[in-house]
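Everything on this sheet refers to the single structure shown next.
The values are calculated or read from the model by the stated rules, or taken from the named source; none is laboratory data. Not measured: the values here are computed from a predicted model. FYI the Cβ positions are ideal-geometry reconstructions off the backbone, even for glycines, and counts take in every protein chain you see.
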Amino acid sequence: MVRAVDKARIRRWRKRGFYSENVLVKLLKKHGFNAVRVPVSNPSLSPLPDVIARKDKDVYAFEVKNASYYAYFPKKQIDKLFRFLEELIPLEREFKHAVLAAHLGKKWIFKELNWKDWEGDKLPEKARILKRDRGNFKPLK
């Protein structure tokens, strides 16, 4: 049986993710992207990212986490980004980007993932972004 306290904790946890996804959409729009939050991405088994963005010919699929010091991204969620781009975006791979986004307090860290790792089944079981890490996502720099 789920207690009322547990339900409240789950609601707060889900609101954090919702908040960060919306903040990311605003940040991307500020930098000239067209961006939207995918409202059903979390519970879905379909290959949907949290946020989809486009700038010029490039399409970006973002998995977003809100944390204080570090964020973990399970392999299953990373795989969904690549599957979304591969199955639903009819562009050459050079224009499709899978990106992990960690919202760590007031700081954002972005890590673009490599297609070769996905193709070669070399994705880690969990990807981790620490607050002291540097991102490799150039369009927002």
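Scan the range 49-61 for residues that are charged (D, E, K, R), within 20 Å of residue 109 (Cβ to Cβ) and part of a loop (DSSP other than H, G, I, E, B) and jot them down.
Scanning the range 49-61 gives a single hit, 50.
In the range 89-111, how many are surrounded by 15 or more Cβ atoms within 10 Å (Cβ to Cβ) and not hydrophobic (A, V, I, L, M, F, W, C)?
Final tally of qualifying residues: 4.
Those residues that are touching a helix residue (DSSP H, G or I) at 6+ places or on another chain (Cβ under 9 Å), surrounded by 15 or more Cβ atoms within 10 Å (Cβ to Cβ) and under 27 Å from residue 106 (Cα atoms), I need them from the range 116-136; list them, please.
Answer for the range 116-136, where residues must be touching a helix residue (DSSP H, G or I) at 6+ places or on another chain (Cβ under 9 Å), surrounded by 15 or more Cβ atoms within 10 Å (Cβ to Cβ) and under 27 Å from residue 106 (Cα atoms): just 127.
Which strands (runs of 3 or more DSSP E) sit wholly inside the range 62-132 and have at least 2 residues that are under 16 Å from residue 50 (Cα atoms)?
So the answer is 70-74, 96-104, 107-112.
For the range 122-139, give me each residue that is closer than 17 Å to residue 66 by Cβ and of a type outside the set (A, V, I, L, M, F, W, C).
Residues satisfying the conditions are 126, 128, 131, 133, 135.
Suppose we keep only residues that are farther than 13 Å from residue 101 by Cβ and surrounded by 15 or more Cβ atoms within 10 Å (Cβ to Cβ) within the range 73-88. Which one would you say is farthest from the chain's Cα centre (by Cα)?
86
Within the range 33-48, which residues are at pLDDT 95 or above and either part of a loop (DSSP other than H, G, I, E, B) or among the hydroxyl-bearing types (Ser, Thr, Tyr) (or both)?
Once the filter is applied, which keeps residues that are at pLDDT 95 or above and either part of a loop (DSSP other than H, G, I, E, B) or among the hydroxyl-bearing types (Ser, Thr, Tyr) (or both), the range 33-48 yields only 33.
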